[in-house]
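What follows is calculated from the coordinates using simple rules that are stated; it is not laboratory data. From a predicted model like this one, the values you see are computed outputs, not experimental measurements. Positions of Cβ are backbone-derived with ideal geometry, glycine not excepted, and every protein chain shown enters the neighbour counts.
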Amino acid sequence: MPRYLNKHGDSPIIAYESGPTWILVRYQDGRVYRYTNASTGTTHVRAMKRLAEAGEGLSTYISQQVRERYQEKRDRACPERREG
């Protein structure tokens, strides 16, 4: 999973990985969230990928735009799946 550049140095996000229709976001505390086209919409997934690659703004975007519309949440070893 590529490291998130965190250009401003204050993001809780440390890494991300993406595929054609999804993005995984890893936080400092070990949580990993999967956002998909189905759970958040294509526009949001594309925007999160751009921000992740740029290394800035991803945490703010998630908290303001997609919040808890993730497909899956992993607290280290225990995944939680959401329908949709």
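Quick notes
- Of the residues TYR27, MET1, SER63, the one whose Cα sits farthest toward the positive end of the charge dipole of the chain, with +1 on the Cβ of Lys and Arg and -1 on the Cβ of Asp and Glu, is MET1.
- Compactness relative to 2.2 N^0.38 Å, alpha carbon Rg of the chain: 0.98
- Using the Cβ-Cβ distance between ARG46 and ASP10 with R0 set to 22 Å, the FRET efficiency from 1/(1 + (r/R0)^6) comes to roughly 0.35.
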